[in-house]
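Quick notes on the structure that follows.
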Amino acid sequence: MAKRGGFPGGMPGNMNNLMKQAQRMQRQMEEKTKELEVKEFEASAGGGVVTVKVSGKKEVLSVKLSEEVVDPDDIETLEDLIVAATNEALRKMEEENAQVMQQLTGGLGGMGGGLF
């Protein structure tokens, strides 16, 4: 009688169960990715004079500027504040994404890390 599974010496465990677990994890990751894509992340800079909102798809959704930050003689400061607020909003989005994926993978040593 031939051994099942094609593993010399008969590998313990059920490869079919492992495949089902991997497929279930993949579905969960896809669901969480879709949830994160529609989520919005907001950050401010300069004490709140610049606020940027980004989506989980890494798209800038809005930029709000307080009137006092708009100075035609100091465009560089405004540009710096927009960059800072945008980077912070993106960092928040990436941090939440990493936390969700860590929960899903249960510490599988980065399997799935970098996929999203």
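If you go through the stretch 46-63 and keep only what is in a loop (DSSP other than H, G, I, E, B) and either of a type in the set (Val, Ile, Thr) or crowded, with 16+ Cβ neighbours inside 10 Å (or both), you end up with Gly46, Val49, Gly56. Taken together, Leu90, Leu18, Leu78 contain a single residue that is over 25 Å from the mean Cα position of the chain (by Cα), outside any strand (DSSP E or B), hydrophobic (A, V, I, L, M, F, W, C) and modelled with pLDDT of 90 or more, which is Leu78.
When the stretch 27-39 is filtered for residues that are surrounded by 14 or more Cβ atoms within 10 Å (Cβ to Cβ) and not basic (Lys, Arg), the ones remaining, listed by number, are Gln28, Met29, Thr33, Leu36, Glu37.
The values are calculated or read from the model by the stated rules, or taken from the named source; none is laboratory data. Since we're looking at a predicted model, the values are computed, not measured. Ideal geometry is used to build each Cβ from the backbone, glycine not excepted, and the neighbour counts take in all protein chains shown.
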